[in-house]
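Worksheet: the structure to be examined is printed underneath.
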Amino acid sequence: MKIMIINGPNLNLLGTREPETYGNKSFETYFSELQFKFKNTELSYFQSNIEGELIDELHKADQDFDGIVLNAAAYTHTSIGMADAVKGIKTPVVEVHISNTHAREEFRHKSYIAPNAKGVILGFGLLGYDLAIQSFLNEK
Ligand code: DQA
């Protein structure tokens, strides 16, 4: 089983960015924990602040992976390009958000990704990535 995690803009700042919302852990540290926990799963990770690079990565990941875990961050609420990319690829995408976006500003309530996602996990902190991986593993 091969799973790709794709993180969007500003998630490179996890650990220092708004820790009251996103916690104190960097994604690199958390990714090592995920690799340790899911030893029999091939996990890959990509982060970019650039919309086009995220779209390119979704295209590249298509069919090379059994599942994609996508936190498109702010582009979730704005990007028809990312939504079309998720719709256009065959590999299933699980949308993850660290925070409960529905409990925050109204502009975060809308997701352009969700209609084409296999499922959405939000509000459980970094655990959401773990749950998304489990959702793929439980299918097998
Ligand atoms: C986020 C929620 C988004 O609204 C926000 O723009 C982010 C992070 C989350 O993981 O909670 O950057 O996707």
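Every number here is computed from the coordinates shown, using simple stated rules; none is lab data. Worth saying up front: this structure is predicted, and the values here are computed from it rather than measured. All Cβ positions, even for glycine, are placed from backbone atoms using ideal geometry, and neighbour counts span all protein chains on display.
Tabulated results
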{"read-out": "For the chain: relative contact order, % (alpha-carbon pairs under 8 angstrom, 6 or more apart)", "value": "26 percent"}
{"read-out": "Violating pairs (Cα-Cα greater than 19 angstrom) within the set LYS60/LYS87; LYS37/LYS87; LYS90/LYS110; LYS87/LYS110", "value": "LYS37/LYS87; LYS90/LYS110"}
{"read-out": "Value of [θ]222 nm, deg cm²/dmol, for the chain, DSSP H segments ≥ 4, -39500 (n - 2.57) each, nearest 500", "value": "-9500 deg cm²/dmol"}
{"read-out": "Whichever aspartates and glutamates have a C-alpha closer than 13 Å to that of LYS118, once near sequence neighbours (fewer than 8 apart) are set aside", "value": "ASP66, GLU95, GLU139"}
{"read-out": "Distance-filtered residues of region 32-58 - backbone nitrogen under 20 Å, label point 7 angstrom along LEU137 Cα→Cβ", "value": "32-46"}
{"read-out": "Distant-in-sequence amide H partners of LEU70 (H built 1.01 Å from N, under 5 Å)", "value": "ILE6, VAL94, GLU95, VAL96"}
{"read-out": "Rule-of-thumb Rg ratio for the chain [Cα; 2.2 N^0.38 Å; N residues]", "value": "0.96"}
{"read-out": "Fully extended contour minus Cα-Cα distance, from LYS110 to GLN63, at 0.36 nm per residue", "value": "14.1 nm"}
{"read-out": "Counting all C-alpha pairs of region 7-75, share separated by more than 15 Å (%)", "value": "58 percent"}
{"read-out": "In region 19-82, trypsin sites (Lys or Arg not before Pro) in a DSSP loop with at most 12 other beta-carbon atoms within 10 Å", "value": "LYS39"}
